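Only one structure is covered here, and it is reproduced in the block below.
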Amino acid sequence: MSRNTMSFALPENMRDYIDARVSAGNYGNTSEYLRELIRRDQQEQAAQRLRDLIADGLASGVGREATDDVIAELRERALGPEA
C-alpha cells in the first residue's frame, strides 16, 4: 500500500480533541484516527447511495420482468459505467 502524506491546519480545539482520543487508547495515533473517520464517511456515502437507489426504485412505478437485459441495465445504473 502506498503511503502519501497530507498536511493541513486544524483549530487548536480539534487538535486537542484528536490528541485526547489517541491518548485514551481509542486509536494508536492521529493518522489511524483520521483513516477511521474517512472509512466511516465512505461507508455512510455508500449506504446513502443504496437508500437513494431503493427510493428511486420504489418511486419508479410498476415493476417489469427481470430479463437479462433489464438486470444488466440495473447493474450498470447501480454500479456505474466503470464497473
Long-range neighbours under 7 Å by Cβ, at least six apart or interchain, first residue without any contact (Cβ under 8 Å) to a residue 24 or more places away in the chain and surrounded by 10 or more Cβ atoms within 10 Å (Cβ to Cβ) within region 18-36, second basic (Lys, Arg) and part of a helix (DSSP H, G or I): TYR27/ARG21; TYR33/ARG21
Test: residue in region 2-24 that is on the phi > 0 side of the Ramachandran plot and either out of contact with any helix residue (DSSP H, G or I) (no Cβ under 8 Å at 6 or more places or on another chain) or not in a loop (DSSP other than H, G, I, E, B) (or both): no
Yes/no for LEU53 being in a helix (DSSP H, G or I) and within 27 Å of SER2 (Cα to Cα): no
VAL70 surrounded by 10 or more Cβ atoms within 10 Å (Cβ to Cβ), of a type in the set (A, V, I, L, M, F, W, C), part of a helix (DSSP H, G or I) and at pLDDT below 95: yes
Long-range neighbours under 9 Å by Cβ, at least six apart or interchain, first residue under 13 Å from ALA78 (Cα atoms) within region 52-67, second surrounded by 10 or more Cβ atoms within 10 Å (Cβ to Cβ): LEU53/ARG77; LEU53/ALA78; ASP56/ARG77; GLY57/LEU74
Selected residue (only one of GLU32, GLU65 is in a loop (DSSP other than H, G, I, E, B) and either of a type in the set (Asp, Glu) or touching a His at 6+ places or on another chain (Cβ under 8 Å) (or both)): GLU65
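The values are calculated or read from the model by the stated rules, or taken from the named source; none is laboratory data. These numbers come from a predicted model, not from an experiment. Backbone-built Cβ (ideal geometry, glycine too); neighbour counts: all protein chains shown.
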